[in-house]
Amino acid sequence: MELIKVWDIPGGVHPPENKHQSMAEPLGYIDIPPQLILPVSQHIGAPAKPIVSVGQKVLGGEVVAEADGVFSANVHAPTSGTIAAIVEHLVPHPSGMRDTCVIIDTDGKDEWVALSPWEDFAERDHDDIIKRIRDCGIAGLGGAGFPSAVKLNPRANHTIDTLIINGTECEPYITADDMLMRERAEDIVAGTQILARLLHNPAKVIIGIEDNKPEAIERVRKAAEGTDILVVSFPTKYPSGGEKQLIQILTGREVPSGQIPATIGVVCQNVGTTAAIYRALRYGEPLVKRITTVVGEALEQQRNIEVLLGTPVHYVLDKHGFNDKKASRLVMGGPMMGFALPDTSVPVVKTTNCLLAPSKKELPPPEPAMACIRCGMCAEACPAELLPQQLFWYAQAEDLEKLETHNLFDCIECGACSYVCPSHIPLVQYYRAAKGEIRQHRIDKEKSDRSRRRFEFRQERIAKEEAEKEAKRLARKKAAEEAKKKLAEQKAAAPAEASAAQAPASAVDADKQKAKLERLLASAQESLKKAREPLADDATDEQREKQAARIKQAELKVSEAQKKLNESHPGEGTSAGNDPVAAAIERAKAKQTMDPADKLRASIESLQKRLEKAEQKAADAERDKPDMADALKQGAIKLQEKIAAAKQELADLAPPKSAPSQSHSEKPVSASTDAAQAAIERAKAKMSMAPDEKLRSSLESLYKRLEKAEQKAATAQQEGSDKAEALQQGVDKLKEKITSTQKELAELTPTTVAEETPQDPATSDAASLAIEKAKAKAAAMATMSVADKLRNQVDSLEARLEKARSKLAQAEQDNDDNLDAFKTGVSKLEDKLAATREQLAEHE
Amino acid sequence: MLETIAQHPIAAALLALIGLALVFGALLGFAAVRFKVEGDPIVEQIDNLLPQTQCGQCGYPGCRPYAQAIANGDAINKCPPGGQTTINELADLLDVEAPTLDEEHGEEADVPTVAFIREDECIGCTKCIQACPMDAILGAAKQMHTVIADECTGCDLCVEPCPVDCIDMIPVSTTIKDWKWELPAASHEQAANLIATDRGRGQIQQSGEAA
């Protein structure tokens, strides 16, 4: 028999042992209770997951709840029965709270699943053994319920040199391990051997037993004979049964603060656990029962019993003659470290080593706490060499930081300090509360850190999204600017190409400005187009006049834009603007020599030519610069519309000339119209001159025309011709025209003078023609009789209709975009014509 | 040399002082550059103590801005979610007297709460999602939303924007997992029990500590 040195631990107390009461009787057994309550969390770590369903039949040894992860343990059915419920039930916990429990209605037959005993368990593979320990749901039976498989599988960097089997059982009243060692010493020794093998045969294998259990020591020594196991006894002292304390007693080594024993090469197991491991390996028995001390003066019978896990406490107490009135309270565990049970319906679990039902005399209610007198007795009693009174102080002040610096977490909550305190201060309760507070604080801290990270991430994400949006916006802006620039370049290039001979492209440096001006021009033209649109639909001449005014305003804008454009690009402006002007003047001059019908046709032709030219230009541009297609197409359409409007105006222009030439086809009339036409053409030509000059010349020409017309009228009257009246009408018309034109021009002068530039010939001359013509017509109308007026109207409408139809035909041929507009125009004209004819018929 | 000093003691003293001033000035200047600390470390420390609910009850848009404000001299008792514990910690850190919580900014909740969306009533407007500083609400437009309870700090910010009022702040119930021991009543409160006839009227303590 080898003797080893036994060390002492600091502090410690010697409370009355009270172990004899429960040792008087041999190990007892109680019947299977009608109902078993199995909490899924009987161990440290994750709760097991129930894998049975309500109503399911289970046999003894069947797994009802499966380990959830490594730090967990299976829960087995201790006997056969039916799953009655899986509910929240009161569990043995100091909180007195509920937890998930599997409730089994036992059938009393105690039928078991087929177990698989291992005869050769000692030769089994390491991993197989660990697996079986795990499968059998073995957890530390000493008190904490640490899953044994985890403890027996230390990390590779921890070399285990000492295995300690803890048979100390230092707490008063408890004798469960004592009874086990007496009854099943062989199981313990066999278990110890297999544990030693699992841990690769550490140098020292010790079973430590306090010297107050001589019978147990004797039995175990006997069982351990012939093995390497040392059975060591040492002086009784509370709390030498604590894992760290026992290690210190048996090895002289201290487990460092916050570390596990494996770091100093020690593994410690309880004797009960060791025996359970042996039974699990040898017989395949899962952990479904344990030895529990049932003790206390409130009971008739005090003894150790082997009880099925899940047996309700009240069932156990009833079997032992529990006297409720006599009991001061009911404690699970010992008087030092146990906790009061809130209710007797809680079950016995894997860690229940004692049920204590003391009488009031035996365990009186605690004395009221008094002030700490700083006597220092607690510091002397503390086995962990802490400063309990300081910890108490800080716990009261909730100074968590100081508590941690005073190593609160090294406190094993043994209760020695509370036991010795002369002021009856429940010191351990303070420490437990403070520990809970600190743990909560740590959890909160972790959560707040996580919250901060989440919040910061969110802020970052939002900022990023914003930045992305901003970047996109900038990119779009840049792209738009570039597109504009390109457009401007191409626009500058297009007219330069068109009039390459006359004007070399000289506008590259002022591209941007030009583009801007062109946009301005385009918008002005757009508004002009808009102003013109309803003109075709208008029925009365007054309305037309209003429209004309609007058109003129738009035209002014157009001309202004054109002017600016020309100013900024003189070369191009002249080439683009003057060229057509000059051509128009030439053409107008040529027209003067023609007869009116020809002139009209020529005028239409010229306009059509211009349209064609414009279209071609657009088409060319489209072909050459596809990226500019849209803008140019729009421009082309605008041009088309402009020219269509000009045509319409020409169609309007036709009746006053063609009607007289048709109805009064005599020479003087044609001459007068000829002269008028010439004047108009001249006026048109003059449009390209400086505005004031143009105005003056226009007035002069009108006066000349008036004189001529008056002369003609006079001669016609002298001759007594029937045309005299018509001629007189023409004279009146001209007079009217002069006055109105004067007025118009007076209005126009200030703005045009200010502008000092030639107007866009394509729009302005056609428009001003239309205005003049409309005015002349209005003047003529005023002097005519109703019937004449109507006849005139009919004629003009017929002419217009004809023109419109031809235009429509052409549009149909070209598949023009404005086909619909043309069609409606034609139908409207037809309607109007019909209405006017009706009116005429009424008058005649 | 010595003679000169002896003859012009005042000038010599002045020169010596000026020399020393220059030397130490240079040294300090160098130290200021060499050991420059980026940012304000105190803000970081204060921010670490704040509960990070980002609830804005202090009047600042989040915990960090409040930390910044405290560093700039604002009161430390404006954080109801942190409560007295946070105030004490801040007082410790800043070495000032710990004031009590400024009730103006709200009361300290006895129990933490989390937002709960009554999912039957949720119309999927995403307003609460946008309001949540923690990204703790899941959902999409026209889809039911739900709160990730573990990430919810109970800041309340989602309740107000909800157009159908389907968000409740429910207290987090203590489970057996996070239950903790209560501190015993302070000893001066137990003083009444010292009188023998009052014995038993006071709180009966847990058995575990008595022996």
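The values are calculated or read from the model by the stated rules, or taken from the named source; none is laboratory data. Keep in mind that what you see is a predicted model, and the values were worked out from it rather than measured. Here the Cβ positions follow ideal geometry from the backbone for every residue, glycine too, while neighbour counts run over all protein chains shown. Just the protein is used for accessible areas: all its heavy atoms, side chains included, with ligands, DNA and RNA removed. Shrake-Rupley method; radii C 1.70, N 1.55, O 1.52, S 1.80 Å.
Cross-link pairs exceeding 32 Å in C-alpha to C-alpha distance, out of A:Lys484/A:Lys557; A:Lys49/A:Lys360; A:Lys49/A:Lys213, comprise A:Lys49/A:Lys360; A:Lys49/A:Lys213. Using the Cβ-Cβ distance between A:Asp120 and A:Lys222 with R0 set to 35 Å, the FRET efficiency works out to roughly 0.90. Counts of other chain beta carbons within 10 angstrom of each beta carbon in peptide A:443-451 average 5.
So what's the convex hull volume per residue for the Cα atoms of segment A:20-356, in Å³?
Looking at segment A:20-356, the number lands at 127 Å³ per residue.
Screening chain B for DSSP H helices whose Cα atoms reach 30 Å or more along their own axis and whose mean Kyte hydropathy is at least 1.0 gives B:9-34. Ranking A:Leu408, A:Leu308 by solvent-accessible area of protein heavy atoms (1.4 Å probe, all protein chains present), from largest to smallest, gives A:Leu308, A:Leu408. Considering all different alpha carbon pairs of segment A:138-187, the Kirkwood hydrodynamic radius works out to 13.0 Å. The orientation-averaged projection of the convex hull spanning the C-alpha atoms of segment B:41-105 amounts to 3.6 square nanometres. Taking every protein chain into account, the 1.4 Å probe leaves A:Ser359 with about 10 Å² of accessible area, to the nearest ten. The heavy atoms of B:Ile18 present about 100 square angstrom of accessible area, all protein chains included, probe 1.4 Å.
Cross-link pairs exceeding 24 Å in C-alpha to C-alpha distance, out of A:Lys514/A:Lys743; A:Lys151/A:Lys289; A:Lys529/A:Lys563; A:Lys712/A:Lys735; A:Lys803/A:Lys823; A:Lys478/A:Lys514, comprise A:Lys514/A:Lys743.
A 1.4 Å probe over all protein chains sorts A:Phe392, A:Phe457, A:Phe71 by accessible area into A:Phe457, A:Phe71, A:Phe392, starting with the largest. The accessible-area ordering, largest first, of the residues A:Tyr315, B:Tyr60 stands as B:Tyr60, A:Tyr315, per a 1.4 angstrom probe.
In the context of the full protein assembly, B:His8 retains an accessible surface of approximately 100 Å², using a probe radius of 1.4 Å and ignoring ligands and nucleic acids.
Can you compute log10 of I(q)/I(0) for segment A:253-308 with the Debye formula, treating each Cα as one identical point scatterer, at q = 0.14, 0.15, 0.22, 0.27 Å⁻¹? So the normalised log intensities are -0.65, -0.70, -0.85, -1.01. Taking only the Cα atoms of chain B, the ratio Rg/Rh comes out at 1.28, with Rh defined as the Kirkwood radius.
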